[in-house]
Each structure stands twice: as C-alpha cells, then as structure tokens.
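Just so you know, all these numbers are worked out from the coordinates, no wet-lab data involved. Note that this is a predicted model, so its numbers are computed, not measured. Reconstructed Cβ throughout: ideal geometry from the backbone, glycine too, with neighbour counts over all protein chains shown.
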Amino acid sequence: MSGHSVDSRPVAVVTGAGNGIGAAVCRTLASTGWDLVALDRDGDALDALADRLPPSASMLTARVDVTDGGQLDGAIGRAVERFGRIDGLVTSAGVNAYFDVLEMSEDEWDSFFAVDLKAIWQCCRAVLPQLRQSTAGSIVTISSLHSRLTIPGMFPYAAAKAGVEGLTRSLAVELGPAGIRVNAVAPGWTRTQLVDDWLAGQPHPAAALAEVASSIPLGRIAEPDEVAEVVTFLLDRRSSAITGATVAVDCGLSVQFHSP
C-alpha cells in the first residue's frame, strides 16, 4: 500500500465482515461516509462484499483469523498505511454451536473462547494505539441475547457473550479518560446465514419460523441491516455521551415474560 488518505472520512475496522451482521455493518457504514477495513477469514465473502458496497466506498480487505494476533497486527498496519487513521472498531466475528456440558472437550472450549471472547480483546488491543489518536474513537462489540437469557446446549456461547459484555463495560471505564467509547449490541433472532441454515434443517421451515416469530413481541425476527443501523449509531458522534452500554436489538424478545 502507498500513501495516506488525504480526506477526513472516518475509518472503521470490522471483523467478521464477509457475512451476516458484519457485512450489513460494512454496507451501512459505507453508505454513511465511513472508509472500511474489512477483516474475515473467508476471502470469497470479502470479494462478494466489495460488489455490494456503494461506488463511493473505499475499503481495504484482509483475510484474517481473528485468533491470530500476528495476522491482526499485520492487517492493522496495512490499514494505517492505507488510510492513515482508525476511528472505530466493530467486533462481529464469532462462532456458535451446541455442546453437551459433559461431552465438550477442553480443546473445544479453548477453541470456542479463542474466537468468541479472547479475539475481542486481541482486536481491541490491536487498534487501541490508533483509537487513542482519534478525536472520537469508538468500539462496538457484538454480544447476544444469550448473554442474559439462554437455552440448553448453548452454555459456552452464553458464557462467552456474558464475557463480551463484561469486557465492554470494563473497557468503557478504562478507556473513557482517553475519550474512547465502548458499547455492545445484543441481537436476538436475526436473519443471518446461521439462522437460515437452522431453518433449512427443520422439517417445516416456514412453520418453524412462524413459531419463533410468535414468541417475539414484534412478531418477527430482526434483519441484519436493522442491527447494523444501531451499530453505526453507537460508532459515530451521534452517540457521543453513550459508553459502557449494551443495546438489545431483538424485536422485544428479551423483555417478555413467558408464563405457562
């Protein structure tokens, strides 16, 4: 890469940028004037993302495993060389799977938490020197409804996402004096590839989706673009007095009491 960007457009790093919420965040940020550093381990998905951005968008893509600190540092270095600055970070990369409490191995546990919790800290650490130089540094982590409400088989995911929210609050306190804000977004059911795959595996996908929707106050699941709008709001100056918060984007699911 050569030269620094001469414009004053803010620059955001987005992990898990190739699909789902991460891709929606990239589209929304690009449409509101942000330059992008899109990180994902799926190179084909990153190539497809570039085709879905507005023509004015400026984006650096890098195929990165977020559990690899060396790869992260290398990508951030290239981003700074390209744009000269980093103002925001969105940590959307993550995995999810069902596990049995007794059968999950230590290696599976370590591998799971390396992606869903440790990598969040690694990403924050990698961009922090640049955020400290920004006039409005902001981090948005992607948590989940499962951080507070969960179902059988999801214990590692629930534990990791609870950790993400704890990390978010702690970083908000630690980094507040430097003017860096840190917030979390907690989606519920969202129409991502993971949900589409789950529906496709049901005997009657339409009926399964209707059953899910019937348990949600708004009567539907969220779209990735709806989550992305909230992420974008928390990332930019419109939310300048908000830090340490977790915002639920779940169509009301987490506030509903289910009686027998």
Subject >> Candidates Leu209, Leu29, Leu145, ranked by Gaussian network fluctuation over the chain, Cα under 10 Å, top entry >> reply: Leu209
Original post:
Taking neighbour counts of Cβ atoms within 10 Å as a proxy for exposure, in what order, fewest first, do Lys161, Lys118 appear?
Top reply: Lys118, Lys161
**OP:** Using the charge dipole of the chain (Lys, Arg: +1 at Cβ; Asp, Glu: -1 at Cβ; taken about the Cα centre), state which of Leu218, Ala186, Val80 has its Cα farthest towards the positive end.
**Re:** Val80
Original post:
Using the eigenvalues of the Cα gyration tensor, what equivalent ellipsoid semi-axes result for segment 40-97 when each is taken as the square root of five times the eigenvalue, whole Å, largest first?
Top reply: 19, 17, 11
Subject >> Residue-averaged 222 nm ellipticity for the chain, from DSSP H runs of 4+ at -39500 (n - 2.57), nearest 500 >> reply: -13000 deg cm²/dmol
Subject >> Dipole magnitude (debye, nearest 20) for the chain, charges at Cβ of Lys, Arg, Asp, Glu >> reply: 1040
Subject >> Kirkwood Rh in Å, taken over the chain so that all alpha-carbon pairs contribute >> reply: 18.8
Subject >> Estimated D of segment 116-221 in µm² per second, where Rh is the Kirkwood radius over Cα pairs and Stokes-Einstein applies at 20 °C, 1.002 mPa s >> reply: 136
Subject >> Cα-based equivalent ellipsoid of segment 76-153: semi-axis lengths in Å, sorted from largest, via gyration tensor >> reply: 32, 14, 8
**OP:** Find the Cα radius of gyration of segment 1-122, compare it with 2.2 N^0.38 Å by division, and give the number to two decimals.
**Re:** 1.14
Subject >> Residue exposure sequence - Leu49, Leu235 - by fewest surrounding Cβ within 10 Å >> reply: Leu49, Leu235
Original post:
Taking neighbour Cβ counts within 10 Å as the exposure measure, how do Arg238, Arg125 sort from fewest upward?
Top reply: Arg238, Arg125
Original post:
For segment 44-59 and segment 83-138, what is the separation of their Cα centres, given in Å?
Top reply: 23
Original post:
Can you give the charge dipole size of segment 48-94 about its Cα centre, rounded to the nearest 20 debye, using +1 on the beta carbon of Lys and Arg and -1 on the beta carbon of Asp and Glu?
Top reply: 160
